[in-house]
Amino acid sequence: MGLDISGKTQLICLLGSPVDHSISPAMHNLAFSMLGLDYVYLAFDVKEDKLEETVKGLKLLNVRGWNLTMPNKTKMLELLDSVSPAAELIGAVNTVVNDNGTLKGHTTDGSGYMRMLLESGVDVIGKKMVIAGAGGAARAIAAQAALDGVSKITLFNRDVLKVEKLAEVLNHHTNCVVEAYGLNDERELKRAIGEAAVFTNATKVGMEPDADAAIIKDASLLYPELVVSDIVYNPKKTKLLQMAEEQGCKTIGGMGMLLWQGADAFRLWTGCDMPAYAVQRKYFK
Ligand code: NAP
């Protein structure tokens, strides 16, 4: 299946720096082509100081939408007409939809993560979660989980101030009970993991080139009823997931979140469901 560019082809793009490693163009162009949708997805290297000018140009050309990656996820917020509830909570967007000059921002990292759990047969609604991290991805996951009805989220981060701030916002704006601790608080980590349905590593720990590192040092904290997910996707099976597997846990790697955050953005732009499993077979195995 090749791309069939016409005079009516609509552009979707990725704005960030760097972008040359991104899998998004391959994923979206395959999906457009499979569904016969007249769109094309391209990646543009745009740094934060050129974002405003770039967005003006995209609006002028009535470009249908775009993804944002580092360093543009926060800056984009200033250039929007409205934002989704999750994007408002975390103060960042990764997807923009342009409805004839009116820009709405969304964050699909969190919704993609929640969809990935569902697709993996894990129902965490009404249950407890532990999330390690307070960066962009952790905030998106925590906000979406709180909005979707997870009953309690315990956040751990190296810099405790960041999770305390996030917990304050989520406790104020959602019905979820959110607690925050430093990653070095071993007693609270053991307690929180002991009562959770899902433990998620949303830090960079375990990512190449530090693939020998794991956010959990003591494997005995992990037990067979616990689902352990790692959003790091490079390597696909992180040290944490290896440890969890040895303890008998169900484990979920980061590629699923990558796929489903893209699928959510795809639906926002086109109104169509991405043929996600076909895309997964081609690019995510
Ligand atoms: P980020 O905003 O830079 O946040 C990094 C997080 O990692 C912070 O919580 C930071 O803690 C923590 N951290 C870094 N080094 C650490 C260490 N040595 N010990 C303990 N904590 C450490 O990054 P991000 O955008 O959230 O991304 C985090 C990871 O998720 C990356 O590996 C990224 O590739 C992956 N990711 C995956 C997907 C997916 O679709 N699967 C999507 C987005 C991101 P401090 O706050 O204390 O510095």
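Structure values in brief
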read-out	value
Test: residue in segment 131-142 that is more than 16 Å from the ligand (Cβ to nearest atom), free of Cβ contacts under 8 Å to residues at least 60 places away in the same chain and farther than 18 Å from Gly16 by Cβ	no
Ser17 among the hydroxyl-bearing types (Ser, Thr, Tyr), in contact (Cβ under 8 Å) with a residue 12 or more places away in the chain, surrounded by fewer than 18 Cβ atoms within 10 Å (Cβ to Cβ) and more than 29 Å from Thr203 (Cβ to Cβ)	no
Top-ranked residue in segment 184-239 [being touching a residue at least 60 places away in the same chain (Cβ under 8 Å), assigned to a loop (DSSP other than H, G, I, E, B) and more than 16 Å from the ligand (Cβ to nearest atom); ranked as farthest from Gly121 (Cα to Cα)]	Glu195
Test: residue in segment 97-108 that is within 16 Å of the ligand (Cβ to nearest atom), within 24 Å of Asp218 (Cβ to Cβ) and modelled with pLDDT of 95 or more	no
Candidate set: segment 145-169, residues that are part of a helix (DSSP H, G or I) and surrounded by 24 or more Cβ atoms within 10 Å (Cβ to Cβ); chosen: the one farthest from the ligand (Cβ to nearest atom)	Ala146
Some residue of segment 64-80 being in a strand (DSSP E or B) and within 16 Å of the ligand (Cβ to nearest atom)	yes
Where Leu258 falls short, out of the listed (1) assigned to a helix (DSSP H, G or I); (2) at pLDDT 95 or above; (3) not polar (S, T, N, Q)	(2)
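Each row is one residue, and each column tells you yes or no for (1) in contact with a Cys (Cβ under 7 Å, 6 or more places away or on another chain); (2) among the aliphatic types (A, V, I, L, M); (3) more than 20 Å from Phe266 (Cα to Cα).
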{"residue": "Asp38", "(1), (2), (3)": "no, no, no"}
{"residue": "Leu51", "(1), (2), (3)": "no, yes, yes"}
{"residue": "Asn62", "(1), (2), (3)": "no, no, no"}
{"residue": "Ala87", "(1), (2), (3)": "no, yes, no"}
{"residue": "His106", "(1), (2), (3)": "no, no, no"}
{"residue": "Leu118", "(1), (2), (3)": "no, yes, no"}
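The values are calculated or read from the model by the stated rules, or taken from the named source; none is laboratory data. The structure presented is a predicted model; accordingly, all values stated were derived computationally and were not measured. In this analysis, Cβ positions are derived from the backbone assuming ideal geometry, glycine residues included, and neighbour counts consider all displayed protein chains.
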